[in-house]
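To keep things clear, I will list the structure first and then write my remarks on it.
Any read-out appearing in this document is the output of simple, stated calculations on the displayed coordinates, not a laboratory observation. Remember, predicted model here, so these are calculated numbers, not experimental data. Because the Cβ atoms are built from the backbone with ideal geometry, glycine has one as well, and the counts that use them run over all protein chains shown.
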Amino acid sequence: MSADSKLTDVLDVEFPLWDKGITIQQLLTHTSGIPDYFDEEVMDDFSELWKERPVYAMRRLSDFLPMFQHLPMKSAPGERFHYNNAGFIVLGLIVEQHSGLSFTDVVEEHIFKPCGMKDSGYFVTDQLPRNTALGYIDHEDGSWNTNMFSIPVQGGSDGGAYVTAPNMIRFWDALLGHRLLNVEMTQQLLTPHAHQEDEEYYGQGIWIDRKGEAIFKFHIMGFDPGVSFMSSVYPDYDLQLVVLSNQESGPYPIIIAIEEALA
């Protein structure tokens with residue numbers, strides 16, 4: 001199996017309305033054209049998804065399949081970049097089929113443990129360990145509530161892991177030090193494959209910002225009801241940055257202020 005492998009050859013799940021030529025590479029770079037269960041081009045409230053289905057039932061990757069499995073393609077494979085949560089669900093299902101393990105167990109064993117990320121995990125929202133921050137959602141009337149009923153009960157391949165800032169630094173050190181992937185595979189991950197807009201590109205699961213021909217930063221991010229996260233690596237400055245918030249916004253102004261100071 002390689003990045004050029006076709007989805008139909010590596011996953012025993014039927015997607016009757018999808019193009020048969022979709023590849024792993026296209027899923028990794030958000031250029032597959034498949035439908036999404038949360039299409040950010042037409043939806044802006046993630047919690048709306050759970051008004052018709054209980055979040056406590058969303059415990060496995062396969063639980064997401066009914067939300068997009070029988071929808072038509074959004075665009076032709078390779079035609080354009082479109083950030084796609086369902087693409088990561090499909091990639092996670094491939095990992096599960098070929099490893100015989102749950103995706104979360106694979107990450108625990110092959111990423112968290114080798115990186116020494118002892119305070120990170122795919123915790124269940126109603127069984128959180130000590131010292132775990134709750135996510136909070138604010139309302140126009142000034143009230144607040146936790147995000148327990150607004151996100152899946154457990155994260156998966158499309159996000160939802162609990163991490164700390166020091167643990168993310170450990171992750172970056174391991175990834176860039178080739179302790180997770182060999183040099184060739186790490187380079188593929190960090191290579192701009194899809195052009196998003198202006199000087200922003202996408203590698204394999206990672207955003208890449210350029211300034212001219214030079215790489216300004218590699219970064220990842222996550223925004224859900226009651227939680228937001230941004231983490232960046234700036235190669236020319238020997239700098240790694242992690243900003244976490246237990247609200248729906250917070251990291252972006254801090255990131256911008258630091259980047260303005262670098263300019």
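How about the range 58-154: which trypsin sites (Lys or Arg not before Pro) there are in a DSSP loop, with at most 10 other Cβ atoms within 10 Å of their Cβ?
Of the trypsin sites (Lys or Arg not before Pro), the ones in loops of the range 58-154 whose Cβ has at most 10 other Cβ atoms within 10 Å are 130.
Relative contact order for the range 196-250 using alpha-carbon pairs under 8 Å, separation at least 6, rounded to a whole percent?
23 percent
Return the long-range amide H neighbours of residue 191 (sequence gap of 5 or more, or a different chain), with a cut-off of under 5 Å between placed amide H atoms.
Under 5 Å from the amide H of residue 191 lie the amide H atoms of 204, each far enough along the sequence or on another chain.
Can you compute 3J(HN,Hα) from phi for each residue in the range 218-225, using the Karplus curve 6.51 cos²θ - 1.76 cosθ + 1.60 with θ = phi - 60°, rounded to whole Hz and x for Gly and Pro?
9, 8, 10, 7, x, 9, 9, x
Could you tell me the center-to-center distance, by alpha carbons, between the range 205-223 and the range 145-170 in angstrom?
21 Å
Find, among the GluC sites (Glu not before Pro) in the range 31-132, those assigned to loop by DSSP (not H, G, I, E, B) with at most 15 other beta-carbon atoms within 10 angstrom.
Passing both the DSSP loop test and the Cβ count: 40, 41, 52, 79.
Contact order normalised by length for the range 6-128, with contacts defined as Cα pairs under 8 Å and 6 or more residues apart; what percent is it?
So the answer I get is 32 percent.
Between residue 196 and residues 5 or more places away or on another chain, which pairs have amide H atoms under 5 Å apart, with H built 1.01 Å from N, and which residues are they?
201, 202
With the contact rule set at Cα under 8 Å and sequence spacing of 6 or more, what percent relative contact order holds for the chain?
Relative contact order, the chain: 16 percent.
Using each residue's phi in the range 85-93, evaluate 6.51 cos²θ - 1.76 cosθ + 1.60 at θ = phi - 60° and report the 3J(HN,Hα) Karplus result to the nearest Hz, with x for Gly and Pro.
Listing the rounded values in order: 5, 5, x, 6, 4, 5, 4, x, 5 Hz.
Identify all aspartates and glutamates with a Cα-Cα distance to residue 20 below 19 Å; exclude those on the same chain that are fewer than 8 residues away in sequence.
Leaving aside aspartates and glutamates fewer than 8 places away in the same chain, those within reach of residue 20 are 4, 9, 12, 36, 79.
Once you order the gyration tensor axes a ≥ b ≥ c over the Cα atoms, which shape class does the chain get: rounded for a/c under 1.5, otherwise prolate or oblate by comparing a/b with b/c?
Taking the square roots of the gyration eigenvalues as a ≥ b ≥ c, the chain is rounded.
Using DSSP to call loops (not H, G, I, E or B), can you name the chymotrypsin sites (Phe, Trp or Tyr not before Pro) in the range 204-263 whose Cβ has at most 15 other Cβ atoms within 10 angstrom?
Here no loop site has a sparse enough neighbourhood.
Between residue 145 and residues 5 or more places away or on another chain, which pairs have amide H atoms under 5 Å apart, with H built 1.01 Å from N, and which residues are they?
Residues meeting the amide H criterion: 137.
Can you work out ³J(HN,Hα) from phi for every residue in the range 138-145, in order, using Karplus 6.51 cos²θ - 1.76 cosθ + 1.60 and θ = phi - 60°, giving whole Hz and x for Gly and Pro?
Per-residue couplings from phi come out as 9, 10, 4, 7, x, 8, 9, 8 Hz.
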